[in-house]
Structures are given as structure tokens and as C-alpha cells.
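Student: Take this structure, written in C-alpha cells, and hold onto it; I'll ask about it next.
The values are calculated or read from the model by the stated rules, or taken from the named source; none is laboratory data. Quantities reported herein were computed from a predicted structural model and do not represent experimental measurements. Positions of Cβ are generated from backbone atoms using ideal geometry, with glycine treated the same way; all protein chains shown enter the neighbour counts. Note: accessible area is taken over every heavy atom of the protein model, side chains too, but ligands, DNA and RNA are not part of it. Shrake-Rupley method; radii C 1.70, N 1.55, O 1.52, S 1.80 Å.
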Amino acid sequence: MLASNMDRAVLKEKFIKKQNLKLTKIENFPQDASFRSYSRLHLDDNKTLVIMDAPPKFEDVRPFVYVSSILNNMGLSAPKVLDKDEENGFLLLEDFGDESFRKFLIKNPIEEEKLYFQAVDVLVEIYRSSITYNLEEYNYDKFLKEALVFAEYGLENFANNKQHLKSLQDEYKEIITDIFNLLPKSAKKILVHRDYHVDNLHYLPERNGIKAVGLIDFQDAVLGSPTYDLMSLIEDARRDVNPEIANKAISRFIKSINVDKDEFMYEYNIWAMQRNLKIVGVFNRKNLRDNNPNYLQFLPRVWGYLKNNLSQSHLAQMKNFFAKYPSK
């Protein structure tokens, strides 16, 4: 029987007691926009573990468990699942600490190239891996659904009235469909993290090579384009990547997987356009629907990425769309 929200504190306490740990303190993390929450368990030997609390009504811990096993089997660093209660939505996890790539780079900006190259090498390992796995494909329905967040929460700035907005939304949807059809059908598909950037990468200096990159927040992984996570890393909505390092990182990945650069960048810019439009829509939605304007500060950066994406000749249809209907 699934627990109600009122039962969760009791169930969480039972899950923790089941571990027979010698606890000194339980530290709750600030909750983000999801329904998941996390607590750090401090043990008497100065070690720590993490509890994920994911209410089954809203979240499913099984994808996290599954993808964690895939990544660890690839020789990468994902938090190991030490115990689980999938029915009630609790996981006991290895603790990667608080040193995200972003936090580390704020204190150590000179290490930017090193960390970004390590992040790229993780993606190369995923590309090369012979591990088999069963993940949902990043198909047209997902591509369209995400892109339509912009239609609902971004196009209003380009419309004269509600009737005009509906017309723009229909035209936008047609263009998105046309652009999806430009994607190469025979391209290799790999595990795609979907939110691969410096806030979801933890620096683990006690580990060597690609194992020094701790991966989190991968529960929405799909089977998709090798360009996607690299693009997500480079076109970071919240952080400017040094342009020279960005170019080197892209070249490092392309050279390592031995693909044609022009073909790779052709596909890269399609996915970048789609993701950046989605991000604009999501950040506008946080402001308009959720009364959270904090993300609006990142929109100029994302629009800058979009301007570059749409400068590519195969995306001229979307560029012309925005040229016809300038923002008000």
C-alpha cells in the first residue's frame, strides 16, 4: 500500500532505522523544483550517506536505480544504490558531497579546461560502451512536446492578440516538425543524460580520470543523439563557458568518436535549437505560472545561443519565423 504524504516522515524514519546506522545527525537539503527531496546522514565514523525521498504519486525511483547501474557498469561514477524501497520511494545512496563542477570552478577558474575535458571524456566512454540497456527513445513525440513549451510560454511576446497567438503556435509547430525530419534517421543512438551540465556533475578529486566526474540527476535518461549531452554541457543556460575551451571540447569529442565534423554539428544545432527553445519556455513558465522570476536572468544567454543555432542554413525556416514576428 502506497503511503500518503502525511505518512512519509514515518516511513522515512523506518527506512533509516532499517539500515542500523550509527547516526550523529540528519541534514535536510534545500528542495529544488521537483517533488524529490534529499537528506544527508552523518555517521559516527565521519562518513555520510544520502537518502532520496521521492513520493510515488509524483516520482518513480526505478529509472534512477536502473540508470545508476548502467553508468556504474560502464566504469563511470554514479551514486551507488545501497538500499531501496521502490514501493514507497526511498533510496539510500552513496554521497558525492557538495562540490559540483560549478562550485569548484568558482573557486578554481583556472581548472575550467581540465574539468570540461573530463566531462567530455565521460561522454566519449558512454559513446564507446558495449553495455546494453533498454531506454525510451528520444523520439518525435518527446521532441515536439518539449519544443511546445515555448509555444505555450514564449510565443505570447510575438503575438498581437489571442487569434494571432494561435496562428503563430500552429506555424511554429509545423516548423518544429519539419526540422525534426531533418535529423539523420540512421544516426547512432546512445544513453543521453538530458541535463548534462556543471550543476549535475560533481568533482571527486580522490578518484582518477573519468571516475572523478560524479554524475547525478540522470533519472530521465533516454536513448538519443550523441550530440545532445555535449550540447547541454557547452550551451549552459546558467554559465558562460570560455569560447576557446568550448570549441576545444567539441573538437575533442568529435575526434575521439571519429565522426564527420560537419555532419555532427548539423545535428548538434538542431538539438541545441530545440533544447534552447524549451529552456526559454520553461523559464518563462516558472515566472508566469509559478511566480518565480529568478530564471529570467538567464534568458539573454539562452537567446544568444539560439541566435547562433539559427544562423545555420538548415535552420533558416525557424530564423525566418522569428524575423517575421519580432518580439514586442
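Student: Quick one: count up the residues across the stretch 106-147 that are exposed (fewer than 12 other Cβ atoms within 10 Å of the Cβ) and of a type in the set (Ser, Thr, Tyr).
Tutor: Residues in the stretch 106-147 being exposed (fewer than 12 other Cβ atoms within 10 Å of the Cβ) and of a type in the set (Ser, Thr, Tyr): 2 in total.
Student: Next question. Output the residue which, of all residues in the stretch 254-274 that are of a type in the set (A, V, I, L, M) and open to solvent by 10 Å² or more (accessible area, probe 1.4 Å), is farthest from LEU182 (Cα to Cα).
Tutor: The qualifying residue farthest from LEU182 (Cα to Cα) is ILE257.
Student: Are any residues in the stretch 148-171 within 24 Å of the chain's Cα centre (by Cα) and open to solvent by less than 70 Å² (accessible area, probe 1.4 Å), and if so, which ones?
Tutor: LEU148, VAL149, PHE150, ALA151, TYR153, GLY154, LEU155
Student: If you check ARG40, ARG62, which single one turns out to be basic (Lys, Arg), open to solvent by 10 Å² or more (accessible area, probe 1.4 Å), touching an Asp or Glu at 6+ places or on another chain (Cβ under 9 Å) and over 21 Å from GLU206 (Cβ atoms)?
Tutor: Going through ARG40, ARG62 in turn, the sole match is ARG62.
Student: Just one of ASP220, ASP290, ASP240, ASP236 is part of a loop (DSSP other than H, G, I, E, B), under 30 Å from TYR66 (Cα atoms) and open to solvent by 40 Å² or more (accessible area, probe 1.4 Å); which is it?
Tutor: It is ASP220.
Student: Evaluate the following for ASN308: is it among the polar types (S, T, N, Q), open to solvent by 80 Å² or more (accessible area, probe 1.4 Å), farther than 21 Å from ASP178 by Cβ and out of contact with any Gly (no Cβ under 7 Å at 6 or more places or on another chain)?
Tutor: Here the answer is no, as ASN308 does not meet what is asked.
Student: Which number in (1) over 22 Å from the mean Cα position of the chain (by Cα); (2) free of Cβ contacts under 8 Å to residues at least 12 places away in the same chain; (3) open to solvent by 60 Å² or more (accessible area, probe 1.4 Å) marks the one condition that ALA316 misses?
Tutor: Checking ALA316 against (1) over 22 Å from the mean Cα position of the chain (by Cα); (2) free of Cβ contacts under 8 Å to residues at least 12 places away in the same chain; (3) open to solvent by 60 Å² or more (accessible area, probe 1.4 Å), the one that fails is (3).
Student: Does the stretch 93-143 hold any residues that are touching a residue at least 12 places away in the same chain (Cβ under 8 Å), among the aliphatic types (A, V, I, L, M) and closer than 23 Å to VAL241 by Cβ, and which are they?
Tutor: Across the stretch 93-143, the qualifying residues are LEU105, LEU115, ALA119, VAL120, VAL122, LEU123, VAL124, ILE126.
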